Each structure stands twice: as C-alpha cells, then as structure tokens.
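Heads up: the structure comes next, in structure tokens.
Since every read-out is calculated from the coordinates, none of them should be taken as a lab result. Just so it is clear, the structure is predicted and the values come from calculations on it, not from any experiment. Heads up, the Cβs are rebuilt from the backbone with ideal geometry, glycines too, and the neighbour counts pull from every protein chain shown.
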Amino acid sequence: MNDHPARAAVATALAACAIVIGVAARVQTPDPKAMSGSVLAVSDLPAGTVTVRVVRGSFDQNMAGQRVEFTIDTVRRVETTDASGRATVSGLPRGARVTAVAVVGQERLVSQEAVVGPTGLRIILVATDPAAAARADEDRALAAAPPVRGMVVLGGDSRVVVDFATDKLQVFYLLDVVNSARSPVDIGGPLIFDLPRTARGTAVMQGSSPQATANGARITVTGPFAPGTTPVRIAYELPHGGANVRLEQRWPAALQETTVIVARVGNMDASSPQFASTRTRTEDDQTFILGLGAGIAAGQSLAVDITGLPHHPRWPRYTALALAAAIMAVGIWAAATPSRRRP
C-alpha cells in the first residue's frame with residue numbers, strides 16, 4: 001500500500017470503529033482516585049448549591065457519617081455526609097469561592113477551588129481503599145514475576161475493518177490479545193496469524209505492540225504476554241478480480257466476539273455465516289455495514305463474502321492482448337515464410 005491511500009484508509013478504519021461501534025462506550029471508567037478533588041458544574045442542582053461526595057476507592061463505596069469542612073470565602077462550615085456519602089451546602093451567593101476538605105484516617109482530601117455560578121456544583125473526594133491498594137501492589141509484583149504457562153484470547157473489542165479506496169480493497173485487523181491472568185503468560189510459542197494467501201502489502205500499523213512483526217502474509221506475535229491487553233494492528237490489501245471476493249481468516253486464539261465493519265461504496269454488501277445480525281449506519285455521508293456475531297473458537301475461521309465491489313471489466317484488456325498476440329503471430333509467420341518471385 002502506498003503511503004497516502006494507506007493513511008486515508010486507516011482514517012476510515014478508525015472512523016468506522018469510533019462511529020459505528022461506539023468505542024467511547026467501551027472505554028474503561030477513569031480511575032476514581034485521579035478524579036478526586038475535581039469540580040463539576042451541573043444543571044440538576046439549583047444555583048448556589050455545592051454538594052461533596054466522599055467515597056473510598058470506588059464509586060460504589062460511599063462513606064456515610066464523614067465530616068467535610070467547607071471553606072466559603074473565609075468562613076468555615078462543617079457538614080456530615082448522608083447515606084449516599086454526600087455533604088451539601090446551599091444558598092451561596094454567586095461568585096463565592098468554595099473548597100472542601102475531608103480527613104479519612106491519615107489521608108487528607110482537598111478539593112479544587114470552586115466558584116459559585118449559575119448552576120449547582122458537585123465535588124468528588126476519593127479516599128484510598130487499603131484493600132485495593134494492597135491488591136495493586138500485589139498485581140505489580142506478579143506482573144514483574146517470570147511468566148507461567150497459560151493462554152490468551154482475542155478480546156471483545158477486536159474487530160475487522162474493510163475499506164475500498166483507490167480501487168483497492170484494504171483490510172485492517174484491530175485486535176486485542178488479552179491475558180486475563182495476573183502474571184505474564186507463555187502460550188508455548190508465538191501467536192501466528194496466517195493471512196489469506198493472496199494478501200499483499202502486509203504491514204503492522206502504528207499503535208501495535210512491538211511484539212508483532214510481519215513477514216509476507218504471516219504476522220508473528222512473540223510472547224510472553226503481559227497481564228491485560230497487547231494491541232495488534234494489521235493492514236493488508238486483498239486483491240479482487242471482479243465484483244465479489246471472500247475474506248477468510250483462521251484465528252490462532254479464540255475470538256470472544258465477531259465484529260466486522262465494511263465501509264460501503266456503491267452497491268457493496270457483506271455477509272457471513274458467523275453474523276448473527278447485520279446493520280447499516282450512515283455518518284458524515286459514509287455508510288458502514290456492521291456485522292456482529294458470537295465468538296469463534298481457536299483454530300476456526302471467519303469467512304466474509306463481500307459483493308458488489310466496483311471493478312473494471314476485463315474483456316477490453318483480454319481483447320487487446322489477443323489482438324496483439326495475433327498481430328505478432330502473423331508477423332512471425334510472414335518473416336519465416338520465403339517469398340515466391342514470379343518467373
């Protein structure tokens with residue numbers, strides 16, 4: 001794939017994932033501890049009301065009966081959290097500056113300064129959960145330990161994206177190799193993806209793990225695999241000689257969910273025996289076909305039939321080649337046949 005079409009196709013692939021699948025909905029919740037002290041203006045509270053929620057470690061562990069000290073301009077005021085972990089002050093004038101402090105054990109939690117405006121304000125204070133902190137320390141120790149024998153899967157966010165651009169059918173595998181163990185795992189060798197035999201221009205895309213390398217139509221992902229996700233991003237061109245082509249890929253590890261996205265051009269369509277449902281979405285004048293299905297076991301194949309591909313008919317080229325061959329044959333015959341002179 002040359003550089004410019006490849007960049008355009010990658011952009012289409014990423015747009016397909018963001019728009020059609022709704023990747024944002026799958027993004028993991030931010031670390032609550034990193035949000036501690038933040039202030040959020042909200043419309044569901046009346047102006048002049050500030051509520052502080054105190055939790056331990058996560059949002060499902062509210063701390064009831066916790067003292068919270070508000071500083072409103074220069075005036076201090078103490079409130080106690082209710083069963084939902086919230087302490088509230090109200091009736092504050094616009095422009096008032098508010099900070100909140102809660103002391104949990106030996107930990108002092110301080111909010112950012114909030115300025116009362118036309119809406120209410122919410123503040124979150126997150127105390128450290130000792131059990132979660134101990135588990136995090138244990139996870140770090142296990143992640144640094146030698147690998148153990150285990151297995152990996154291709155996670156539910158893995159997807160296949162197909163784009164037709166500059167008369168080429170380009171295929172992208174956006175795969176997440178998931179190790180659900182707390183230690184690195186050795187699967188007994190590398191993870192090998194043998195792409196379709198006709199695949200060409202195979203490349204490992206930016207954003208992929210350095211453990212993945214390409215050699216012709218083979219992608220090799222070396223182990224061991226760290227806990228969590230190892231991203232593998234593959235791109236290649238799938239040649240087609242007519243309006244229809246079959247994409248068939250054998251997975252070396254179990255695929256937890258089947259998700260195929262095809263950027264439709266003209267009358268293109270996609271079908272597969274692995275699709276439980278097929279949807280069509282349009283966004284910014286681009287139509288996408290979204291095929292969804294159940295998981296596929298390790299060693300089994302995904303087969304997708306893509307039809308209605310734009311293509312140029314071959315008969316003019318074949319006719320020209322046949323005429324050229326005929327002319328050449330006549331020329332050779334004429335040159336090899338001796339001329340006969342009239343006596």
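A few comments on the model shown:
- Radius 14 Å from Cβ of Val98, net charge of other residues (Lys, Arg +1; Asp, Glu -1): +1
- Of the three principal axes defined by the Cα atoms of region 32-127, the extents in descending order read 33, 26, 23 Å.
- Peptide ranges 248-258, 157-167, 279-289 listed from the most packed, as the mean C-beta count within 10 angstrom indicates: 157-167, 248-258, 279-289
- Summarising the amide proton neighbourhood of Arg264: residues at separation of 5 or more, or on other chains, whose placed amide H is nearer than 5 Å comprise Thr287, Phe288, Ile289.
- Applied to region 231-247, the Karplus parametrisation 6.51 cos²θ - 1.76 cosθ + 1.60 on θ = phi - 60° returns per-residue 3J(HN,Hα) values of x, 10, 10, 10, 9, 7, 9, 10, x, 9, x, x, 7, 10, 8, 10, 9 Hz, with x for Gly and Pro.
- From phi via Karplus (6.51, -1.76, 1.60), per-residue ³J(HN,Hα) for region 37-43 in Hz, x at Gly/Pro: x, 6, 10, 10, 7, 9, 8
- Calculated from backbone phi, Karplus (6.51, -1.76, 1.60) coupling profile of region 259-271 in Hz, x at Gly/Pro: 9, 10, 10, 10, 6, 7, 10, x, 9, 4, 8, 9, 9
- Mean separation of Cα contacts under 8 Å (6+ apart) over length of region 222-318, as relative contact order %: 38
- Fraction of beta bridges assigned by DSSP in region 32-127 that are antiparallel (%, nearest 5): 80
- The relative contact order of region 109-240, computed from alpha carbon pairs under 8 Å that lie at least 6 residues apart in sequence, is 25 percent.
- Here, region 183-279 is characterised by an Rg to Rh ratio of 1.00, where Rg is the alpha-carbon radius of gyration and Rh the Kirkwood radius.
- The H on the amide N of Thr202, modeled in the peptide plane, is under 5 Å from the matching H of Glu237, each at least 5 residues off or on a different chain.
- Rel. contact order, % - alpha carbon contacts under 8 angstrom, at least six apart, region 32-127: 43
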